[in-house]
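Enquirer: Mind looking over this structure? Questions follow.
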Amino acid sequence: MKTTGGIAAVVIVLAAGALGWLYFEGRLDREKPVIQLDSDISAIGRKKDIGITFADERSGLSGLKVEIVQDNKPHLLAEETFPSRSTRQKVLRLSVEPLTLQMNNGPAVVRITARDASFFKNETVVSEQVRIDTVPPQVYVLCPVNYINQGGAGFIPYRTSKPAALSGVFVDERFYPGYNIVIGGKPTSVAFFALETGAAAATKIVIFARDNAGNETRTSMPFTIKPKKFRADKVNLSGTFLQQIMPEFQATIPQLQGKTPAEAFGYVNTTLREENAKTILSVCRKSINKRLWEGAFHRMRNAASMALFGDQRTYLVDGKPFGSSVHLGVDLASTAHAPIEAANHGIVVFAGPLGIYGNAVIIDHGLGLFSLYGHLSAIETTVGKNVKKEEKIGASGLSGLAGGDHLHFSILIDGQFVNPQEWWDPHWIEDNVMKKMAI
């Protein structure tokens, strides 16, 4: 009896050990696999890329299956089995093309199944209701005549046959987002865009729209580019100028330590200028979805225009060319530390040091339109503040790459510089913006 009891005890211990081992290994796992989609798939157009993550950390995955079902007819999109229990996670990326699958526009179901490798073969099934829509949106251009200056701003209102998830204007490869407003009691999209100073007849301007299902349309926009003449001059970088301006940059930029003033200027005029452009582009990526500005933009009081927008500068050191730049604003000079006022109503989105622009302020006027104020001696506003036209925001100065006390004033559309003189002109605004908003 003692021997039999001992054997039974050993068997119980071994069985308990085996069960413990199986539990530890996850074979007795009762938890179901996890399925996660990386994006919304409620609407599927002509082609929809889907990312799915399958995971089971305990017992591992044994199989997965993805299919799309319409009218009780399943279409297999992916199926995979895992012979070993070592697959704890699987990331699947696939494309759904309803036309290739001969599916109709209308409702369907994407069914995703995952099974684990436990004794219980736990299974998770996710069924996502989707809408097949392979019809791209139509774009209706509301202005058949559009004149745009080289280096200037363009504006176009348009409507789409269905709601657009994204729309806007492409100028060659540069995209300017559209904004949704109401014109004449009807939902309308509008987009500001910029033309480069060298824009030519070969420039392509198209209106782009993408619906919620991913279908895209590009529609040509009628336009005429009006040529503009821009000045070109040579700027002699004297030793006095370089000794006066460069120490400010050398004190804050480690790469300029030990460099001559001329070498420091070369870095500031190229690398730093490019970095500043990227910062400005990032700041101007988000704009409020309504027009904040009213009427012509305010010009600095009692100020003389110095450098103009589009001026092409060639810098000289000891009489030899030493770099170049294009001036992307208008320099306005008055008295030292003259008050600087907001050009129009808006929201301050940047206030601080900005490289070649020195102390600077950027204001969002809505619908992708911004103004920039550079070389300030003092900033008297803060990010997030709602400012009114002609409200004081600072004082003129010579911070940054400035040879004397003045204001550098710029107008930007989605981070791209355009000629500010257009926005000082009430007739230009009326003909090129306000009349189009009244359609």
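Enquirer: Which log10 I(q)/I(0) values does the range 139-226 give at q = 0.26 Å⁻¹ under the Debye formula, counting every alpha carbon as one identical point scatterer?
Expert: -1.37
Enquirer: Still on this model: Once the other residues with Cβ under 13 Å from the Cβ of L316 are scored (Lys, Arg +1; Asp, Glu -1), what is the net sum?
Expert: Summing Lys/Arg as +1 and Asp/Glu as -1 gives +1.
Enquirer: Just check the range 232-419 against the gyration tensor rule for me: Cα atoms, a ≥ b ≥ c as the square roots of the eigenvalues, rounded for a/c under 1.5, and otherwise prolate or oblate depending on whether a/b exceeds b/c.
Expert: Here the range 232-419 falls in the prolate category.
Enquirer: Looking at the range 183-236, which trypsin sites (Lys or Arg not before Pro) are in a loop (DSSP not H, G, I, E or B) and have at most 13 other Cβ atoms within 10 Å?
Expert: K204, K229, R231
Enquirer: With +1 on each Lys and Arg Cβ and -1 on each Asp and Glu Cβ, how big is the dipole of the range 34-132 about its Cα centre, in debye rounded to the nearest 20?
Expert: I would put it at about 100 debye.
Enquirer: Further question on the same structure: Tell me the net charge near G152. Cut-off is 12 Å between Cβ atoms, G152 excluded, with +1 for each Lys or Arg and -1 for each Asp or Glu.
Expert: Its environment carries a net charge of -1.
Enquirer: I need the helices of the chain that pass two filters: whole DSSP H segments spanning 27 Å or more by Cα along the axis, and mean Kyte-Doolittle score no lower than 0.5.
Expert: Sorted by number, the helices that extend far enough and score high enough are 2-25.
Enquirer: If you count, for each residue, the other Cβ atoms within 10 Å and average over each peptide, how do 349-358, 242-251 line up from highest to lowest?
Expert: Going by the mean number of other Cβ atoms within 10 Å, highest first, we get 349-358, 242-251.
Enquirer: Loop only by DSSP, 15 or fewer other Cβ within 10 Å of the Cβ. Give me the GluC sites (Glu not before Pro) in the range 157-219 that pass, ordered by residue number.
Expert: When the GluC sites (Glu not before Pro) of the range 157-219 are filtered for loop state and at most 15 Cβ neighbours within 10 Å, E173 remain.
Enquirer: Additional query: Let me spell out the model: positive unit charges on the Cβ of Lys and Arg, negative unit charges on the Cβ of Asp and Glu, origin at the Cα centre of the chain. What dipole size does that give, in debye rounded to 20?
Expert: 720
Enquirer: Pick from F192, F120, F370 the residue whose mean-square fluctuation is largest in a GNM of the chain, springs joining Cα atoms under 10 Å.
Expert: F120
Enquirer: A further question follows. Just one of [x] 20.9; [y] 29.6; [z] 34.6 is mean projected area of the Cα convex hull in nm² as worked out from the coordinates here. Which one is it?
Expert: [z]
Enquirer: For T87, list long-range residues whose amide hydrogen, built 1.01 Å from N in the peptide plane, is under 5 Å from its own amide hydrogen.
Expert: For T87, the qualifying residues are L61.
Enquirer: Here's a follow-up. Where does each of 395-405, 305-315 land if you order them by average Cβ count within 10 Å, highest first?
Expert: Top of the packing list down: 395-405, 305-315.
None of the figures in this text is laboratory data; all of them are computed from the coordinates on show. Everything numeric here is computed off the predicted structure, so don't read it as measured data. Virtual Cβ from ideal backbone geometry, glycine too; neighbours counted across all protein chains shown.
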